[in-house]
Each structure stands twice: as C-alpha cells, then as structure tokens.
1. Mind checking which lysines have their Cα closer than 16 Å to the Cα of A:LYS49? Skip sequence neighbours fewer than 8 apart in that chain.
2. Explain nothing, just the number: relative contact order of chain A, from Cα pairs under 8 Å at least 6 residues apart, as a whole percent.
3. Starting with the fewest neighbours, write out B:SER107, B:SER75, B:SER93 ranked by other beta-carbon atoms found within 10 Å of each beta-carbon.
4. Please order B:LYS55, A:LYS56 by the number of other Cβ within 10 Å, starting at the fewest.
5. Can you tell me how much longer the chain between A:HIS113 and A:THR12 gets when fully stretched, taken as 0.36 nm per residue apart minus their C-alpha distance, in nm with one decimal?
6. Of all the Cα-Cα pairs you can form in chain B, what percent are over 24 Å apart?
7. Filter the GluC sites (Glu not before Pro) in the range A:11-114 to those in DSSP coil with at most 15 other Cβ atoms within 10 Å of their Cβ, and list the result.
8. Averaged over its residues, how many other protein chain Cβ atoms are within 10 Å of peptide B:37-46's Cβ atoms?
Amino acid sequence: GDSVTQMEGPVTLSEEAFLTINCTYTATGYPSLFWYVQYPGEGLQLLLKATKADDKGSNKGFEATYRKETTSFHLEKGSVQVSDSAVYFCALNPFSGGYNKLIFGAGTRLAVHP
Amino acid sequence: DVKVTQSSRYLVKRTGEKVFLECVQDMDHENMFWYRQDPGLGLRLIYFSYDVKMKEKGDIPEGYSVSREKKERFSLILESASTNQTSMYLCASSFVDAGELFFGEGSRLTVL
C-alpha cells in the first residue's frame, strides 16, 4: 500500500547549519506531497507542498522538490535557526478512493542549538 | 484565521471510563479527521467523516467511535478507555478535494 518513510531523528544542528531531512514514498498513481511542521505544544501546520513531478514547494526558507524518478521529497534549508526546532512530518495524498486522506511519515525531530 | 478547536488540551481518565473528545472547525469544511500521534509511529488515522452523519473507518478504528451531527463538529468517543489508548489525539479538517489539512492543537489523553 501507499506509505511514507522519513529519516529517523533526532537531528541536532548548530544555528546556521544546512538541513536535509530525507523523505521517500511509495504510491500508485500521482500523489500530492506535503511537509508539515509541529512546534512544541502545538498541532501540525502545513509548511509546503507539491502537487506534481518536478514541482518545488517552498516556504520560510525551506524547500522540497517532488522527484518522481527517485520517489523522494527531501526537505532542505540553507541556514537553520533555533526557532526551527520542531518535529517535521512528510505526507502524501494518494487521491485513491477520494476523501482527501493523508498518509504521514513517522516524523523527524529537529533540535537547533545556538 | 482558520481555526480547528479541540475541547480539551489535557485529560486524565481511569481505565473503563467513557471519554469524549470534541473538535469544532469554523471553515465550513466537508471533511473532518481524527488522528492518533505516538512517538515513532507518526500520525495514524482513526476515523474520518466526509459529511454530516457520515463516517468511515481509518487504519486503527478499534476501541473508538465517532459522531458528526453538525457539519462543524466531530467527536471521538472511547467507549471504555484502556491504558493503550494513552496518546495525543489530533483533529483535522479540509475541503472535500483540497490537499491541505488544518489541524487543532491536540488533546493529550492519559488513561490510568
């Protein structure tokens, strides 16, 4: 079935370091892909999305490119800040059976130190 | 601002108690969802609803039921709480054909 695999955390970085969080997926058809972020004590909020192959989603300095050939949607940021410390979830919408059900990865915790 | 509001941020219940978790959205969304979040497992779908009085099982419906009597409100019910239902519960909503889900802040349930 459809699934999402993320790199395990925690990821610990110093401020201004480069960030990559790997995400790969398995899906039939043409899913949409998402990155959600969960700050401490809060619910999830959409960080960025891509709806078709080769699309690049971007927001708040984060980027991810929908790579159909490698079934990947890796999250990157050139220079992280302490305020980026959060849990990041990769997700896909397979659009199978309707209803807009998203499938989430296990989440990757990021800790950024000054 | 769009808003999904969950009635309780923290609950402590005893084994065997009936538990109600309520969720209200103000965006006129057709779809509403209940997820469970556990470390290392990510989010797992319990139930969802695509219309008033309509519901569908997700991936882990056992031990749970839901109710949607009004479009804006979706309730999760634990008929007889058990310790393995200790978890974070997240409500979300969306339009019927839109990819983005809007989440509430979560309800952390502890069953003793």
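What follows is calculated from the coordinates using simple rules that are stated; it is not laboratory data. Please read all numbers here as calculations on a predicted model, not as lab measurements. Methodologically, a virtual Cβ is constructed for each residue, glycine included, from the backbone with ideal geometry; neighbour enumeration extends over all protein chains shown.
1. A:LYS60, A:LYS68, A:LYS77, A:LYS101
2. Working: 297 pairs, mean separation 41.5, N = 114.
Dividing the mean separation by the residue count of chain A yields 36 percent.
3. Working: B:SER107 22, B:SER75 18, B:SER93 28.
By the 10 Å Cβ count, ascending, the order reads B:SER75, B:SER107, B:SER93.
4. Working: B:LYS55 18, A:LYS56 10.
Lowest to highest Cβ neighbour count: A:LYS56, B:LYS55.
5. Numbers: separation 101, 0.36 × 101 = 36.36 nm, distance 0.76 nm.
Extending this stretch completely gives an extra 35.6 nm.
6. Working: 1068 of 6216 pairs.
Tail of the P(r) past 24 Å holds 17 percent of the pairs.
7. Values: sites: A:GLU15, A:GLU16, A:GLU42, A:GLU63, A:GLU69, A:GLU76; in loops: A:GLU15, A:GLU16, A:GLU42, A:GLU69.
Answer in residue order: A:GLU15, A:GLU16, A:GLU42, A:GLU69.
8. Numbers: counts 7, 2, 4, 4, 3, 12, 11, 2, 4, 0.
Per residue, the number of nearby Cβ atoms from other chains is 5 on average.
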